[in-house]
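The values are calculated or read from the model by the stated rules, or taken from the named source; none is laboratory data. Remember, predicted model here, so these are calculated numbers, not experimental data. Cβ: placed from backbone, ideal geometry, glycine included. Neighbour counts: every protein chain shown. Note: areas computed on protein heavy atoms with side chains; ligands, DNA, RNA excluded. Shrake-Rupley method; radii C 1.70, N 1.55, O 1.52, S 1.80 Å.
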Amino acid sequence: MVQAYAEDTPLGPDMVVMRDTCFGGTAKQWLESNGDDAYKIRCSMRVSAYFGVDPKRIGSVLDGILAAGDRPQSLIAFGHDYYRSHLVGYYRGHGPNPSGPDAPEPTQLFDATQTLSWDPVHDRNPRLLVGEPEQCPKNDPPVTRCLREPESGSVAGIRKRHGMVFKLELGSTEYYEVAKDGHVVTG
């Protein structure tokens, strides 16, 4: 997915953080009352990518992302619609805030599979800026693995070089499970 953003949009990744976690199925089920989880082990992966952008280009960058999402079979979840087209106009200085005149500056696009957020351009409140990723825990394969590329990368460094930061978060993907009956599911 990060590769699709790099190839199809004006964004190029400056830092990528991947967290891979496996855990045992010892928790009680939430919805059924028959006892423990139905799996012995389940593994999932989360990926966050950080991109630097010149804040003067945010309108064209957003428009490029949405244009990529408009293409058939695109992996980019966000395309042009009424709100997003007005969002581009807002950031190009051609219209009001699409969320309303008293609404905070929009800084996020959300889909069930991915979230794209960015530093505000008009509201310089430091609490609204994209934050640093959590520190990687100690790698303990096969239970936990965390990669940060480049290892010394930081959101502050990206912001210093480019002016602002975009963050792409991909929803947690379960890719491996061993059921208590021994059945293995890969995804």
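Every residue, every condition in (1) modelled with pLDDT of 95 or more; (2) among the polar types (S, T, N, Q), yes or no:
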{"site": "69", "(1), (2)": "yes, no"}
{"site": "82", "(1), (2)": "yes, no"}
{"site": "87", "(1), (2)": "yes, no"}
{"site": "92", "(1), (2)": "yes, no"}
{"site": "104", "(1), (2)": "no, no"}
{"site": "117", "(1), (2)": "yes, yes"}
{"site": "120", "(1), (2)": "yes, no"}
**OP:** Tally the residues that are touching a Leu at 6+ places or on another chain (Cβ under 7 Å) and surrounded by fewer than 16 Cβ atoms within 10 Å (Cβ to Cβ), restricting the search to region 160-170.
**Re:** 0
Original post:
Are any residues in region 132-150 modelled with pLDDT under 85, loosely packed, with under 13 Cβ neighbours inside 10 Å and either assigned to a loop (DSSP other than H, G, I, E, B) or touching a strand residue (DSSP E or B) at 6+ places or on another chain (Cβ under 9 Å) (or both), and if so, which ones?
Top reply: 137, 138, 139, 141, 142
**OP:** Just name the residue that is most open to solvent (accessible area, probe 1.4 Å) out of those in region 45-83 that are polar (S, T, N, Q) and in a loop (DSSP other than H, G, I, E, B).
**Re:** 73
Original post:
Of all residues in region 7-25 being modelled with pLDDT of 95 or more and of a type in the set (D, E, K, R), which is surrounded by the most Cβ atoms within 10 Å (Cβ to Cβ)?
Top reply: 14
Original post:
With 173, 107, 186 as the choices, which residue is farther than 25 Å from residue 54 by Cα, among the hydroxyl-bearing types (Ser, Thr, Tyr) and surrounded by 13 or more Cβ atoms within 10 Å (Cβ to Cβ)?
Top reply: 173
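Could you say which residue among 157, 153 is closer than 18 Å to residue 49 by Cα, open to solvent by less than 40 Å² (accessible area, probe 1.4 Å), part of a loop (DSSP other than H, G, I, E, B) and at pLDDT 90 or above?
So the residue among 157, 153 that is closer than 18 Å to residue 49 by Cα, open to solvent by less than 40 Å² (accessible area, probe 1.4 Å), part of a loop (DSSP other than H, G, I, E, B) and at pLDDT 90 or above is 153.
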Original post:
Are any of the residues in region 84-97 in contact with a Phe, Trp or Tyr (Cβ under 9 Å, 6 or more places away or on another chain), open to solvent by 20 Å² or more (accessible area, probe 1.4 Å) and among the small types (Gly, Ala, Ser)?
Top reply: no
